[in-house]
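Enquirer: Dropping a structure here in structure tokens format, bear with me for questions.
The values are calculated or read from the model by the stated rules, or taken from the named source; none is laboratory data. Bear in mind the structure is a predicted one, so any value in this text is a computation, not a measurement. Counting neighbours? That spans all protein chains shown, and the Cβs are built from the backbone with ideal geometry, glycine included. To get the accessible areas, we keep the full protein, side chains included, count just its heavy atoms, and leave off ligands, DNA and RNA. Shrake-Rupley method; radii C 1.70, N 1.55, O 1.52, S 1.80 Å.
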Amino acid sequence: MTKIIVDGVEVDVPPEYTLLQACEAAGVEIPRFCFHEKLSIAGNCRMCLVEVKGGPPKPQASCAMSVRDCRPGPNGEPPVVLTKSPMVKKAREGVMEFLLINHPLDCPICDQGGECDLQDQAMAYGVDSSRFIENKRAVEDKYIGPLVKTSMNRCIHCTRCVRFTAEVAGTGDMGAIGRGEDTEITTYLQSAMASELQGNIADLCPVGALLHKPASFRARPWEYRKTPSIDVMDALGSAIRVDTRGREVMRILPRVNEAVNEEWIGDKTRHVVDGLRTQRLDRPYVRKDGKLQPASWSEAFAAIAAKLKGVPGARVGALAGQLAGVEEMFALGQLMGKLGSANLDCRYPGSPLHPKNGRASYIFNSTVAGIDEADALMIIGANPRKEAPVLNARIRRRWLKGGFEVGLIGEKVDLTYDVKHLGAGPETLARLVAEPYQPTAKKPMVIVGQGALNRPDGAAVLALAVKFAQARGAIAEGWNGFNVLHTEAGLVGALDLGFTPGEGGLDTAGMLKAGALDVLFNLGADEIAIPAGAFVVYLGTHGDRGAHRADVILPGAAYTEKSATYVNTEGRAQATERASFPPGEAREDWAILRALSDVVGHRLPYDSLTQLRAALYAAHPHFARLDEIAPGDAGALAGLAAGGGASSDGFVPAISDYYLTNPIARASATMAECSALASGVARQAAE
């Protein structure tokens, strides 16, 4: 540690700290535009100037000078930094005057107004007049895709967007052309950006040059009611903030959670907002004469009760989908138990994941933050760039540090970092297991994707993956690098609940066989095609695939409209918060199941969410420990190292189209536009 005095306050900081970080450690706020904690240092804007005693007789850019470079006093006193001296005040006023030379007077009509760094810092550090009377520079706006709107007259060339796409996203979409006053920030030939994280550049932009196109000019920042919540568009569980005005969700922004998503979110998470409003189920429906007809709640419940009457429990089943919260799955599981049915499942056909194998067999054991500690990685049947873009950015960051070799077994894809493609499927994995190997990495990781597990030989592939992890030293004392990457937000919570077939019960494949069931409860499982025959009760939010097959539709609440528990891919229990209310007659899913239980004669023993959670926590205490990870027992993985033979078919990633993976995304016009654009780009690349 090194001592440094900032405005009379002595602090101990690491010598590699920049002066800006040292000042913040001393509780002093330093203005900045180009500096960002997660990006490389550029030193472009010069707004962070400070005075360093004993240094050059001019202000220093605090973001670009480290503490170790400061000269101590004549008698060995700690270096002295001043942030409020007359020199610093005059320098900051001059920098702000330069920044505003070409900046247009757009504040009254700029959509960034109210949350603009330039606006705030001009008020705090600027002066009330300018000495420049020349004409302002004019720059043509650029098209860079359907998600980010440009107004490049406002750009101050901080290059945050350029550094983000190059360093974090890894696509290098943005760059600077021209020199001096003619410098412009743009994409190559004004093409659309290709990153799944591109929306973050609008968050990073300190002025109104880059804006969120779908959310532009819909409301002012002070009109929003801000609700902290959790994302469910993938299984990472990113921390988000849901901004609403009245009953409508207007936008979704990231919250900082260093253990999970840092401060980034994927584009689907951010821009799926319009899908929350369109194609919504806002009233119950009952199929009459082959057509779904609007009905009252009592009519819908009566139709279900009439169909269940006299049906044995063995002929009733339940499926849970990817957006289902723990509370509604718990309620549905209890209702199925009262109906005498053991036929319930949350997995795709062929999936070997099961709570009987121990929690370590289906979670991301090393944790997301553990990626920073790893020194080697093998990816099996996964495409993290599409399945969890923010997690992929974390892998890329670790790769950039060096000493991190990445191997891939499966479909060859661009992951934004160098990958050694070893083969296509289980044969390659079996060969690597059989090869003699002396582990060289101290903390290797193995990531197994759903593309390797959701197949008829999924159990054999899982066993091979565990064998490989053991052989490579990924499962050792103090380190469990065996990780399962999920694509569905509700799956880990469902497995923790034990929402799997009971003794003698049918799994997903068994329930989907023709004639296997008389009544099937579908809790938002829209990705599974249900054959004709069974009477289907669909509880969901959108008029998607599951609703089209239903005989009775019970309209539920989306994740922004209820307080629900989800468990992310690393086993971290998290909770959403209600930011708005369901449309029309739609209700929260657990409340629908509670009301239905009364009508069918098997009343569930809770009348409020508090009572339901009390019963849930009594049965599964770890759900009550929010933002904590209940670790899995690595020793239980040894039982999976057996297993039968795997087929020779190559692994196919679980997600082919990042933008259209669930009913909310498929209802979004913005996501449809992004999907069409991405498909066109992929087609051109293939040609």
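Enquirer: For the stretch 533-687, what is the Kirkwood estimate of the hydrodynamic radius, computed as the reciprocal of the mean inverse distance between distinct Cα atoms, to one decimal in Å? Intermediate results must be reported in sequence, preceding the final value.
Expert: Numbers: mean 1/r = 0.0504 Å⁻¹.
Kirkwood hydrodynamic radius for the stretch 533-687: 19.8 Å.
Enquirer: Also, I was wondering about something else. Between residue 226 and residue 627, what FRET efficiency follows from the Cβ-Cβ distance if R0 is 25 Å, with the result rounded to 0.05?
Expert: Details: r = 19 Å, r/R0 = 0.77.
For residue 226 and residue 627, the calculated efficiency is 0.85.
Enquirer: Need one number: convex hull volume per residue for the stretch 1-130, Cα atoms only, in Å³.
Expert: Working: hull volume 15.3 nm³, N = 130.
Expressed per residue, the convex hull around the Cα atoms of the stretch 1-130 is 118 Å³.
Enquirer: Continuing with this model, one more query. Which whole-angstrom value gives the distance between the alpha carbon centres of the stretch 504-524 and the stretch 223-242?
Expert: Computed from Cα coordinates, the inter-centre distance equals 33 Å.
Enquirer: For the stretch 262-317, how many pairs of lysine residues have a Cα-Cα distance under 23 Å, where the two are 8 or more positions apart or belong to different chains? Can you show the working numbers first?
Expert: Details: 288/307; 288/309; 291/307; 291/309.
Number of lysine pairs found: 4.
Enquirer: OK, next. Quick one: Cα centre-to-centre distance for the stretch 616-631 and the stretch 573-591, in angstrom?
Expert: If you average the Cα positions of each part, the centres end up 21 Å apart.
Enquirer: Rounded to whole Å and ordered largest first, report the semi-axes of the equivalent ellipsoid of the stretch 197-351 derived from its Cα gyration tensor (root of 5λ). Before the final figure, lay out the partial values.
Expert: Values: eigenvalues 320, 87, 33 Å².
Here the semi-axes work out to 40, 21, 13 Å.
Enquirer: Oh, and also: Pairing the Cα long axis of helix 297-308 with the longest principal axis of the chain, what angle in degrees results, from 0 to 90 and rounded to the nearest 10?
Expert: That works out to roughly 50 degrees.
Enquirer: Moving on. Determine, for each peptide in 169-175, 334-340, 419-425, the mean count of other beta carbons within 10 angstrom over its residues, then list the peptides with the highest first. If you can, show how the numbers build up before the last one.
Expert: Values: 169-175: 21.1, 334-340: 18.3, 419-425: 16.6.
Most protected by this proxy first, the peptides run 169-175, 334-340, 419-425.
Enquirer: Give me, ordered by chain and number, the residues 5 or more places off residue 6 or on other chains with an amide H under 5 Å from its own placed amide H.
Expert: Close amide H contacts, sequence-distant or interchain: 11, 81.
Enquirer: For the Cα atoms of the chain, what angle does the longest principal axis make with the long axis of helix 669-686, in degrees from 0 to 90, nearest 10?
Expert: Rounded to the nearest ten degrees, it is 80.
Enquirer: Moving on to the next point. Quick one: of the DSSP bridges fully inside the chain, what percent are antiparallel, nearest 5? Write out the running numbers ahead of the final one.
Expert: Numbers: 44 of 79 bridges.
Looking only at bridges with both residues in the chain, the antiparallel portion is about 55 percent.
Enquirer: Among 72, 5, 61, flag the residue with its Cα farthest along the positive direction of the charge dipole of the stretch 1-87, charges on Cβ as +1 for Lys/Arg and -1 for Asp/Glu.
Expert: Working it through, the farthest residue towards the positive pole turns out to be 61.
Enquirer: Excluding ligands, DNA and RNA, what is the solvent-accessible area per residue of the stretch 231-371 at a probe of 1.4 Å, expressed in Å²? Numbers along the way, then the final one.
Expert: Details: 4600 Å² over 141 residues.
In whole numbers, the stretch 231-371 has 33 Å² accessible per residue.
Enquirer: Mind computing the radius of gyration and Dmax over the alpha-carbon atoms of the stretch 336-482? Å is fine for both.
Expert: So, for the stretch 336-482, Rg and Dmax equal 16.1, 57 Å respectively.
Enquirer: Let me ask something else. Step by step: find N for the stretch 469-573, compute 2.2 N^0.38 Å, then divide the Cα radius of gyration by it. What's the final number? Walk me through the numbers before you get to the answer.
Expert: Working: Rg = 17.6 Å, N = 105, 2.2 N^0.38 = 12.9 Å.
Cα-based Rg divided by the globular estimate yields 1.36.
Enquirer: For residue 598 and residue 259, what is the calculated FRET efficiency with R₀ set at 56 Å and r taken between the beta-carbons, to the nearest 0.05? Provide the component values of the computation, followed by the final result.
Expert: On the way: r = 42 Å, r/R0 = 0.74.
Working from the Cβ atoms, E equals 0.85.
Enquirer: Viscosity 0.692 mPa s, temperature 37 °C: Stokes-Einstein D of the stretch 302-377 from its Kirkwood Cα radius, in µm² per second?
Expert: Values: Rh = 15.5 Å.
Translational D for this selection: 211 µm²/s.
Enquirer: As an exercise, identify the trypsin sites (Lys or Arg not before Pro) in the stretch 474-555 lying in DSSP coil whose Cβ has no more than 16 other Cβ atoms within 10 Å.
Expert: For trypsin sites (Lys or Arg not before Pro) across the stretch 474-555 that sit outside H, G, I, E and B with at most 16 neighbouring Cβ atoms in 10 Å, the list reads 513.
Enquirer: Turning to a different aspect of this structure: Under the Kirkwood approximation applied to all pairs of distinct alpha-carbon atoms, what is the hydrodynamic radius of the stretch 252-329 in Å?
Expert: Values: mean 1/r = 0.0590 Å⁻¹.
For the stretch 252-329, the Kirkwood estimate is 16.9 Å.
Enquirer: On the protein heavy atoms, probe 1.4 angstrom, tell me the percent of accessible surface of the chain carried by carbon and sulfur. Write out the running numbers ahead of the final one.
Expert: Values: 14570 of 27770 Å².
Roughly 52 percent of what the probe reaches on the chain is carbon or sulfur.
Enquirer: Counting just the Cα atoms, what span does the stretch 420-495 cover along each of its three principal axes? Round to the nearest Å and put the largest first.
Expert: Dimensions of the stretch 420-495 along the principal axes of its Cα atoms: 38, 30, 21 Å.
Enquirer: Taking the convex hull of the Cα atoms, report for the chain its projected area averaged over all directions, in nm². Please report the intermediate quantities before stating the final value.
Expert: On the way: hull surface 137.0 nm².
Average of the hull's projected areas for the chain equals 34.2 nm².
Enquirer: Find the centroid of the Cα atoms in the stretch 380-458 and in the stretch 81-106, then give the distance between the two in whole Å.
Expert: Measuring centre to centre over Cα atoms gives 49 Å.
Enquirer: While we're here: Please enumerate, by chain and number, the lysines with C-alpha under 20 Å from the C-alpha of residue 442, excluding those fewer than 8 residues away in the same chain.
Expert: 401, 420, 467
Enquirer: Going toward the positive end of the dipole of the chain, with +1 on Lys and Arg Cβ and -1 on Asp and Glu Cβ, which of 448, 580, 538 do you reach last?
Expert: Of the candidates, 538 comes out farthest on the positive side.
Enquirer: What is the Å³ per residue value for the convex hull set by the Cα atoms of the stretch 144-222?
Expert: On the way: hull volume 7.4 nm³, N = 79.
Per-residue hull volume (Cα only) is 93 Å³.
Enquirer: For the stretch 388-463, take the alpha-carbon Rg, divide it by the Kirkwood Rh, and send me Rg/Rh.
Expert: Details: Rg = 13.5 Å, Rh = 14.0 Å.
Radius of gyration relative to Kirkwood radius: 0.96.
Enquirer: Using the Cα centre of the chain as the reference point, and only Cβ charges (+1 on K/R, -1 on D/E), how large is the resulting charge dipole? Debye, rounded to the nearest 20.
Expert: Numbers: 74 positive and 80 negative charges, 99 e Å.
Its charge dipole is roughly 480 debye.
Enquirer: Calculate, for residue 443 and residue 636, the FRET efficiency according to 1/(1 + (r/R0)^6) with r their C-beta to C-beta distance and R0 30 Å; round to the nearest 0.05.
Expert: The value I calculate is 0.90.
Enquirer: Still on this model: Please give the net charge around residue 419, taking every other residue with its beta carbon less than 14 angstrom from that of residue 419, where Lys and Arg add +1 and Asp and Glu add -1.
Expert: On the way: positive: 385, 396, 398, 412, 420; negative: 405, 411, 414, 418.
Cβ neighbours under 14 Å give a net charge of +1.
Enquirer: What do you get for Rg/Rh of the stretch 27-76 when both radii come from the Cα atoms and Rh is the Kirkwood radius?
Expert: A ratio of 1.00.
Enquirer: Something else now. Go through 188, 506, 126 and say which Cα lies farthest out towards the positive end of the charge dipole of the chain; charges sit on Cβ, +1 for Lys and Arg, -1 for Asp and Glu.
Expert: Result: 506.
Enquirer: Ranked highest first by average number of other Cβ atoms within 10 Å, how do 103-115, 370-382, 554-566 line up? Numbers along the way, then the final one.
Expert: Values: 103-115: 15.2, 370-382: 22.7, 554-566: 25.0.
For the peptides 103-115, 370-382, 554-566, the packing ranking is 554-566, 370-382, 103-115.
Enquirer: Accessible area, 1.4 Å probe, largest first: how do 283, 71, 137, 131 sort?
Expert: In descending accessible area the options line up as 131, 71, 283, 137.
Enquirer: Each label point is 7 Å from the Cα along the Cα-to-Cβ direction; what then is the distance between the points at residue 216 and residue 619, in nm?
Expert: Result for the modelled spin labels: 5.0 nm.
Enquirer: When the C-alpha atoms of the stretch 402-553 are aligned to their principal axes, what extent does each axis show, in angstrom, from largest down?
Expert: Reported extents, whole Å, longest axis first: 57, 37, 29.
Enquirer: Additional query: Could you tell me the convex hull volume per residue, in Å³, taken over the Cα atoms of the stretch 481-541?
Expert: 123 Å³
Enquirer: For a quick protection proxy, order the peptides 463-474, 231-242, 402-413 by their average other-Cβ count within 10 Å, most packed first.
Expert: Details: 463-474: 23.2, 231-242: 26.8, 402-413: 17.3.
Put in order of decreasing packing, that is 231-242, 463-474, 402-413.
Enquirer: Moving to a separate point now. Accessible area per residue, 1.4 Å probe, Å², for the stretch 505-557: what's the number? All intermediate terms of the calculation are to be shown ahead of the outcome.
Expert: Details: 1550 Å² over 53 residues.
Value returned for the stretch 505-557: 29 Å² of accessible area per residue.
Enquirer: At 222 nm, what value in deg cm²/dmol follows for the chain if DSSP H runs of at least 4 each add -39500 (n - 2.57) and the sum is divided by all its residues, to the nearest 500? Working shown, then result.
Expert: On the way: 20 runs with 172 residues, N = 687.
Estimated from H runs of four or more residues: -7000 deg cm²/dmol.
Enquirer: What is the Cα radius of gyration of the stretch 131-282 over 2.2 N^0.38 Å, N being its residue count?
Expert: Numbers: Rg = 16.9 Å, N = 152, 2.2 N^0.38 = 14.8 Å.
This ratio for the stretch 131-282 stands at 1.14.
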